[in-house]
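Working notes, beginning with the structure itself.
The values are calculated or read from the model by the stated rules, or taken from the named source; none is laboratory data. Source: prediction; values computed, not measured. Neighbour counts are summed over all protein chains in view; Cβ atoms, including those assigned to glycine, are modelled from backbone coordinates with ideal geometry. The accessibility values were calculated without ligands, DNA or RNA, using every heavy atom of the protein model including side chains. Shrake-Rupley method; radii C 1.70, N 1.55, O 1.52, S 1.80 Å.
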Amino acid sequence: MTKRIGILTSGGDCAGLNATIRAVALRAHHGHGWTTIGLRYGTLGLLERPVEAVTLDPDRLSAALARQGGTFLGSTNRGDPFAFPMPDGSRKDRSGEMIEGLKQLGLDGLIGVGGDGSLAILRKLLGPSGIPFVGVPKTIDNDVGHTERAVGYSTAVAIATEALDRLQPTGTSHERTMVLEVMGRDAGHIAIAAGIAGGADVVLIPEIRWKLETVVQHIAQLRAVGRTSALVVVAEAAGQSDEAVDPAADAPDHGVGDWLAKRLAKATGAEARATVLGHVQRGAMPTAEDRLLASALGVRAVDLLAEGKGDHMVAWWNRQVIDVPLAKVVGQSRTVDADGTLICTARALGICLGDAV
């Protein structure tokens with residue numbers, strides 16, 4: 001019977017992580033009488049001696065914690081345990097040191113909160129240790145396979161939508177095309193959801209190959225019927241235009257949003273401005289939906305350990321929490337369905353997706 005479990009947050013931060021940690025610790029204590037150990041700085045804390053960890057006291061995990069963004073345990077999105085960067089520039093397999101750190105803590109199970117990359121690394125790390133592992137999906141990109149929602153996504157969409165709400169009056173006042181670049185390393189979930197909710201005129205995502213010419217024509221049509229401004233949302237990975245980014249014209253640190261604004265200004269003759277939300281989408285007070293999701297997934301993750309179901313991920317599907325073997329999750333990215341409901345909704349609303357449809 002598991003008596004002492006650990007929890008860590010890995011990868012980029014997002015809203016809802018503290019709510020997840022709180023749910024795990026409360027369920028472990030009140031439901032099973034277990035002790036929960038919080039590992040600091042993701043897997044990096046496991047390299048310290050003594051290991052960077054703290055016992056989570058349920059009496060100190062008030063509801064105020066669930067309202068806070070980020071993760072009070074800290075996180076990391078660097079330092080692959082199997083190819084850890086060393087000061088001399090070399091790479092070293094330090095997975096054995098991390099496993100030893102886990103064993104020093106006397107853990108009977110571990111819950112890892114992370115995206116697809118983090119879950120894959122943690123599963124590989126824990127495999128030989130004999131310590132049961134359960135994953136909780138979190139990523140603002142919402143691209144983890146076999147779950148409809150990941151912790152952090154709802155808040156990121158709300159922030160992007162609010163940005164559009166603020167950009168629209170400015171665009172109208174100055175008769176400009178306002179380009180909003182949102183995160184989405186491999187998927188356009190944030191872009192399409194926020195674009196619909198925020199009333200965008202154009203949404204560009206990596207799942208749909210788009211043409212600059214199509215976007216220019218759509219903005220011209222808006223102006224022909226009296227519109228003097230336009231809202232454009234573009235996912236950071238949506239650089240699939242027929243016109244590739246020109247290294248000579250764009251500095252390496254300029255993303256697709258800046259590139260697109262320059263091209264639209266040149267092609268339409270009207271002013272265009274780019275706003276890059278970047279990490280603003282990660283940090284915020286989590287929405288009610290993210291708090292609910294984090295709580296439900298955290299509780300179920302503990303119960304999976306109690307049932308002896310390691311090597312699984314908890315997931316949200318069809319309005320309920322389920323569990324999925326991690327073997328089905330790792331290496332699988334859930335991108336936007338080009339024929340799905342949101343794409344069909346966007347087209348029905350007259351939103352241009354940059355393709356020739």
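Among the residues of the stretch 108-145, the ones that are in contact with a helix residue (DSSP H, G or I) (Cβ under 9 Å, 6 or more places away or on another chain) and more than 17 Å from G12 (Cα to Cα) come to 14 in all. The residue of the stretch 317-347 that is farthest from L305 (Cα to Cα), among those that are open to solvent by 40 Å² or more (accessible area, probe 1.4 Å) and assigned to a helix (DSSP H, G or I), is R347.
Within the stretch 336-357, residues that are in contact (Cβ under 8 Å) with a residue 40 or more places away in the chain and over 14 Å from V215 (Cβ atoms) sit with their Cβ atoms under 9 Å from residues that are open to solvent by 90 Å² or more (accessible area, probe 1.4 Å) and charged (D, E, K, R), at 6+ positions apart or across chains, in these pairs: I343/D337.
One residue stands out among those in the stretch 115-156 that are assigned to a helix (DSSP H, G or I) and closer than 24 Å to L56 by Cα: the one that is farthest from the chain's Cα centre (by Cα), which is S129.
Applying the selection to the stretch 169-196, what residues are assigned to a loop (DSSP other than H, G, I, E, B) and either open to solvent by 40 Å² or more (accessible area, probe 1.4 Å) or under 25 Å from A270 (Cβ atoms) (or both)? Steps first, answer last, please.
As a first pass, look at the stretch 169-196 and keep what is assigned to a loop (DSSP other than H, G, I, E, B): 175-176, 183-188.
Answer for the stretch 169-196, where residues must be assigned to a loop (DSSP other than H, G, I, E, B) and either open to solvent by 40 Å² or more (accessible area, probe 1.4 Å) or under 25 Å from A270 (Cβ atoms) (or both): E175, R176, R185, D186.
Can you report the number of residues in the stretch 197-222 which are among the basic types (K, R) and crowded, with 24+ Cβ neighbours inside 10 Å? Don't jump to the end; show me each part of the working.
Step one: filter the stretch 197-222 for residues among the basic types (K, R), giving 209, 211.
Okay, now just the ones that are also crowded, with 24+ Cβ neighbours inside 10 Å, so none.
Total meeting the criteria: 0.
Against the list (1) modelled with pLDDT under 90; (2) more than 23 Å from the chain's Cα centre (by Cα), the condition D80 fails is (2).
With the stretch 1-114 as the region, which strands (runs of 3 or more DSSP E) entirely inside it contain at least 3 residues that are open to solvent by 60 Å² or more (accessible area, probe 1.4 Å)? Break it down stepwise before answering.
Values: elements: 4-9, 35-39, 53-55, 109-114.
Filter on the stretch 1-114 gives an empty set.
Cβ separations smaller than 8 Å between residues 6+ apart or across chains give the following pairs from the stretch 281-302 residues that are open to solvent by 10 Å² or more (accessible area, probe 1.4 Å) to residues that are aromatic (F, W, Y): L293/W316; A296/W316.
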